[in-house]
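Working notes for the structure below.
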Amino acid sequence: MGQLPETRVLEAFNGSSSPPGIQLLQLLIAIQAASLASLGGGPDFDPKYYVDLPLKYPVDTTAEAFSSLPRTLPSGTISSDTLQRFLEENFGIPGSDLVACRPQDYTTEPVDFLPGVCNPEARRWALKIHSLWLLLARRVADCVKEKPNQHTLLPLQHPVIVPGERFREVYYWDSYWIIRGLLVSKMLETAKGMVQNLLALAGKHGFVANGARTYYQNRSQPPLLSMMVCAIHLEAANLTLVEQALPILRKEYNFWTTEPHEVVIQDHQMNKHRLSRYYAQWNTPRPESCIIDEAIAKGLSKAHQAELYRDIATAAESGWDFSSRWMEDHQNLFSLRTSAIIPVDLNAFLLQMELDIAFLARATGDDTTERYFTMAANARRLAIQTILWNEDESQWFDYWLPVNNSKLQSVNSQRVVYDMDSGHLNLQIFASNFIPLWCGVILQEIMLFVCAGDAKIERVLEAFNNSGLMHPGGIATSLRETGQQWDFPNAWAPLQHMIIEGLATLNSEKANKMAIDISRRWLKSNYVAFEETGHMVEKYDARYCGKVGGGGEYNTQTGFGWTNGVALTLLHKYGWADDQPLAPTYNLTPWFTT
């Protein structure tokens, strides 16, 4: 089909190990570039649209038709009318290879749905959120399995709930909060089917890809699959699912605990600690955002571009794409250093995975696996407390790996071991600094080491109270306003939920009051925005009750899977009293006082 533009994007797929559909991706990326040239940029131009196009005809035929389109010289652009006709004749609409479906376990008002929600208006709203599962329910069309090289979509056996709008396919970490919401909606079979889909992907590839597209297979996302399995098992004991899941979870665990994801740091007492980082297997522009990535890297050397492309994809693996959290200068994307950072939240997730696998192994009577992962959890907990905890600030911080301060150790094989330096902690405030509460780090310390737990809890609560993260609309992602979507003033559903659940586990009256207060603020903001816009959205502006968030490389999306799941989960946990108003109260006093 000839040399198409942007084929360099696919160099990381080289050789016989390349996924199927490389030729298709080459074509779609070329069409992405041609569309930008013909239509121009702007806020409504979405490069992902073009790599989601399903082909009507074989890729060779379509590529030949594309190569034959008349172009304007000397620019080589295709007229917008010609390009539009070509797209209509040769492609389906993005998302048309996913079929809307009605989940078999959906009912209009499930039995025992949200018994604690007594306020009639809150209940009406909750039922509307519940009904959104119908709008987001999909199954992958049979043609995807029959003709895989005409689709970037991956085939899945069971129906799914997608996040919404441009996120037409399944996404890894979104699925956890969607599943939590489905369980509140009494949709156990749909939730179990989603877990089985992810288990199938992890079993095949060794990890769960960022999303169910061929172009996402260069990276994963925050590893929450074990928590999804546990959620299903705790809802309705299912040893068959647990036995199916355990070997796959061990395979995924290996992905996160071997190089390049695992890093070894030696503390001042010469003890070696193993922690993990995000690290995408990719050093070219992301296919779904090729034109954006190339613009960011413009003017850099080839070597620097390759490093930047990897760090861009690594930020996508983190789920926080993008944030000043990963930027060396805290402002510009070309200063991303994501793959050189040991993140607090990832290691909290992996600690939880270790605890989950031990729990699931115990359920099946596998004592050996239970002991191994209990020991692994203890080792990671110690590593988190040794390397990432800051006593003065009473919170956990990301650790930036030094460039030169390392030495080679000969233990089984050559491996870089980094010398610990507390000066490499990033002491900036992010919501992620408090995610270890979610996996119970403090409570486990109390049980294992008989430490002064109450005093430490009090200090962490004070640090959170004084962090500046809490606002009328919930917890802001950071304190720094950069225009990126994982920075101030945006507030995201999963961050609210993790911190709320983390606070609620502390067995502290003050922490529980904080959790309830954050939940109320968040739900009121969701409600007000829903009443004004008719939508649940992916992110909100923490500064105001009911204001939609913004920023980033695409427009704010509606739907929205994990927002719906968190809202239903919080309503289920805390209820809503009949006499408690849903209207916001604009109180300018500190968000929480003792």
**Complete:** Given (1) in contact with a Phe, Trp or Tyr (Cβ under 9 Å, 6 or more places away or on another chain); (2) open to solvent by less than 10 Å² (accessible area, probe 1.4 Å), Trp389 misses just (2)
**Asked** Just for helices (runs of 4 or more DSSP H) wholly inside the range 78-166: which have at least 2 residues that are in contact with a Leu (Cβ under 9 Å, 6 or more places away or on another chain) and in contact (Cβ under 8 Å) with a residue 12 or more places away in the chain?
**Response** 80-90, 120-136
**Message:** I'm told Lys547 meets every condition in (1) open to solvent by 50 Å² or more (accessible area, probe 1.4 Å); (2) within 25 Å of Leu461 (Cα to Cα); (3) at pLDDT 95 or above except one. Can you identify the failing condition by its number?
**Reply:** (2)
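Let's see how each residue does on (1) closer than 23 Å to Asn555 by Cβ; (2) among the aromatic types (Phe, Trp, Tyr); (3) in contact (Cβ under 8 Å) with a residue 40 or more places away in the chain:
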residue: Gly468; (1), (2), (3): no, no, no
residue: Arg480; (1), (2), (3): yes, no, yes
residue: Gln485; (1), (2), (3): yes, no, yes
residue: Pro489; (1), (2), (3): yes, no, yes
residue: Trp492; (1), (2), (3): yes, yes, yes
residue: Glu501; (1), (2), (3): no, no, yes
**Message:** Would you confirm, using the coordinates I've provided, whether Ser96 is within 25 Å of Ile292 (Cβ to Cβ) and of a type in the set (Ser, Thr, Tyr)?
**Reply:** yes
**Request:** Pick out the one residue from Ser75, Ser79 that is surrounded by fewer than 13 Cβ atoms within 10 Å (Cβ to Cβ) and closer than 30 Å to Glu288 by Cβ.
**Result:** Ser75
**Item:** Conditions (1) within 17 Å of Gln221 (Cα to Cα); (2) assigned to a helix (DSSP H, G or I); (3) open to solvent by less than 30 Å² (accessible area, probe 1.4 Å); number of the one not met by Asp293
**Value:** (1)
**Asked** Are any residues in the range 310-335 out of contact with any strand residue (DSSP E or B) (no Cβ under 6 Å at 6 or more places or on another chain) and open to solvent by 10 Å² or more (accessible area, probe 1.4 Å), and if so, which ones?
**Response** Arg310, Asp321, Glu328, Asp329, His330, Gln331, Asn332, Leu333, Phe334
**Request:** Look at the range 559-583 and say how many of its residues are surrounded by fewer than 19 Cβ atoms within 10 Å (Cβ to Cβ) and in contact with an Asp or Glu (Cβ under 6 Å, 6 or more places away or on another chain).
**Result:** 1
**Asked** Could you give every pair whose Cβ atoms fall below 9 Å, whose first residue belongs to the range 35-59 and is within 17 Å of Gly95 (Cβ to Cβ) and among the aromatic types (Phe, Trp, Tyr), and whose second residue is part of a loop (DSSP other than H, G, I, E, B) and open to solvent by less than 60 Å² (accessible area, probe 1.4 Å), counting only separations of at least 6 or pairs across chains?
**Response** Tyr49/Pro94; Tyr49/Arg166; Tyr50/Pro94
**Asked** Could you say whether any residue in the range 148-156 is surrounded by fewer than 24 Cβ atoms within 10 Å (Cβ to Cβ), over 26 Å from Pro247 (Cα atoms) and not polar (S, T, N, Q)?
**Response** yes
**Asked** So which of Gly21, Gly116, Gly2 ends up being modelled with pLDDT under 95 and open to solvent by 20 Å² or more (accessible area, probe 1.4 Å)?
**Response** Gly2
**Prompt:** Is at least one residue of the range 171-187 of a type in the set (A, V, I, L, M, F, W, C), closer than 23 Å to Tyr279 by Cα and modelled with pLDDT of 95 or more?
**Reply:** yes
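If a residue counts only when it is open to solvent by less than 10 Å² (accessible area, probe 1.4 Å) and at pLDDT below 95, which helices (runs of 4 or more DSSP H) contained entirely in the range 422-539 have at least 1 such residues? Show your work before the answer.
Values: elements: 441-449, 453-465, 493-504, 509-533.
Answer list for the range 422-539: 441-449, 453-465.
Could you grab me the full set of residues in the range 360-377 that are under 15 Å from Gln444 (Cα atoms) and either out of contact with any Leu (no Cβ under 7 Å at 6 or more places or on another chain) or surrounded by fewer than 16 Cβ atoms within 10 Å (Cβ to Cβ) (or both)? Can you show your working first?
At the first step, the residues of the range 360-377 found to be under 15 Å from Gln444 (Cα atoms) are 373-377.
Across the range 360-377, the qualifying residues are Phe373, Thr374, Met375, Ala376.
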**Asked** Among the numbered criteria (1) closer than 30 Å to Leu127 by Cα; (2) open to solvent by 30 Å² or more (accessible area, probe 1.4 Å), which single criterion is violated by Pro110?
**Response** (2)
**Item:** Condition check for Arg380: surrounded by 22 or more Cβ atoms within 10 Å (Cβ to Cβ) and basic (Lys, Arg)
**Value:** yes
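The values are calculated or read from the model by the stated rules, or taken from the named source; none is laboratory data. Just so we're clear, the structure is a prediction, and the values are computed from it rather than from any experiment. Don't worry about glycine lacking a Cβ; one is built from the backbone with ideal geometry, like all the others, and counts go over all protein chains shown. With ligands, DNA and RNA removed, areas are computed over all heavy atoms of the protein, side chains included. Shrake-Rupley method; radii C 1.70, N 1.55, O 1.52, S 1.80 Å.
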